[in-house]
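Input: a single structure, listed below in structure tokens.
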Amino acid sequence: MHLVAIAWGYVVLMMAVAEATSSNGTVLGAVFTALLYGVLPLSIVMYLLGTPMRRKARRAAEASAAAVEPDGGDHAPGDAVAPEREKP
């Protein structure tokens, strides 16, 4: 997964350099090329490709948290102190 990101970053870097050094290109065009062809799509793809790892980590955290709870319930525990009885 990281190899694809590095390779795509290299391709975008070369595109930006070609844009900046071309006779018709500008440095601003190179910056936008790097952002719109590189950073934005790469961040979306890396987020989507990382979904299974995040899901696995979330399930592991939930499993370890469930092991800590003694009753295994998912509701809040009751008051530890009994309420005081009011006299009329």
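Which residue is farthest from MET1 (Cα to Cα), if the candidates are limited to the range 45-64 and must be surrounded by 10 or more Cβ atoms within 10 Å (Cβ to Cβ) and not hydrophobic (A, V, I, L, M, F, W, C)? Filtering the range 45-64 for residues that are surrounded by 10 or more Cβ atoms within 10 Å (Cβ to Cβ) and not hydrophobic (A, V, I, L, M, F, W, C), the one farthest from MET1 (Cα to Cα) comes out as GLU62. Looking only at residues that are more than 19 Å from the chain's Cα centre (by Cα) and outside any helix (DSSP H, G or I) in the range 1-44, which one is surrounded by the fewest Cβ atoms within 10 Å (Cβ to Cβ)? Ranking the qualifying residues of the range 1-44, first place goes to SER23.
Scanning the range 47-73 for residues that are modelled with pLDDT of 65 or more and assigned to a loop (DSSP other than H, G, I, E, B) yields one hit, GLY50.
The values are calculated or read from the model by the stated rules, or taken from the named source; none is laboratory data. Just so it is clear, the structure is predicted and the values come from calculations on it, not from any experiment. Note that we place each Cβ from the backbone using ideal geometry, even for glycine, and neighbour counts take in every protein chain shown.
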